[in-house]
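What follows is one structure encoded as structure tokens, with my remarks underneath.
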Amino acid sequence: MRVMGTKTVPARTYQVVDKVICDICKREGHETHHEGVGWCSGYEVLDTAIYLKVGESYPEGTSLEFTECDICPSCFKQYLIPFLQSLGVTMQERNVEY
Ligand SMILES: [Zn+2]
């Protein structure tokens, strides 16, 4: 026989992403996707992701540290691409369909 009792679980407080804002122009993103940000809603896809992910991942668990910023698509094109090109980076484009 199991005699049941009652336990009270205290409310938990934890951090969540309420909103995402472009670090340059302060435009508000729509939502976080995986490790990036979606800048529109509906069926259109307009995402950016700029991060360095460092850590360890084993079958038993994962520990990661992110260094990141949130930059909207307009600022990505206006500021980040020219900056990277000034360092000699050639931007590549690829199409994905499935
Ligand atoms: Zn921006």
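Each row is one residue, and each column tells you yes or no for (1) hydroxyl-bearing (Ser, Thr, Tyr); (2) away from the ligand (no atom under 14 Å from the Cβ); (3) exposed (fewer than 10 other Cβ atoms within 10 Å of the Cβ); (4) part of a loop (DSSP other than H, G, I, E, B).
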residue	(1), (2), (3), (4)
Val9	no, yes, yes, yes
Val16	no, yes, yes, yes
Cys40	no, no, no, yes
Glu56	no, yes, yes, no
Glu68	no, yes, no, no
Leu84	no, yes, no, no
Gln92	no, yes, yes, yes
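Scanning the range 18-38 for residues that are more than 17 Å from Gln78 (Cβ to Cβ) and assigned to a strand (DSSP E or B) yields Glu28, Glu31, Thr32, His33, Gly36, Gly38. Scan the range 21-36 for residues that are under 18 Å from Leu80 (Cβ atoms) and modelled with pLDDT of 90 or more and the total you get is 7. Only residues that are free of Cβ contacts under 8 Å to residues at least 24 places away in the same chain and within 11 Å of the ligand (Cβ to nearest atom) were counted across the range 18-28, and they come to 2. For beta carbons closer than 9 Å, sequence separation of 6+ or different chains, a first residue in the range 68-97 that is within 18 Å of Trp39 (Cα to Cα) and a second that is in a helix (DSSP H, G or I), the qualifying pairs are Ile71/Tyr79; Ile71/Leu80.
Across the range 70-82, the qualifying residues are those that are under 15 Å from the mean Cα position of the chain (by Cα) and not β-branched (Val, Ile, Thr), and the one among them that is surrounded by the fewest Cβ atoms within 10 Å (Cβ to Cβ) is Phe76.
The values are calculated or read from the model by the stated rules, or taken from the named source; none is laboratory data. On a predicted model such as this, the values are computed, not experimentally measured, just so you know. Positions of Cβ are backbone-derived with ideal geometry, glycine not excepted, and every protein chain shown enters the neighbour counts.
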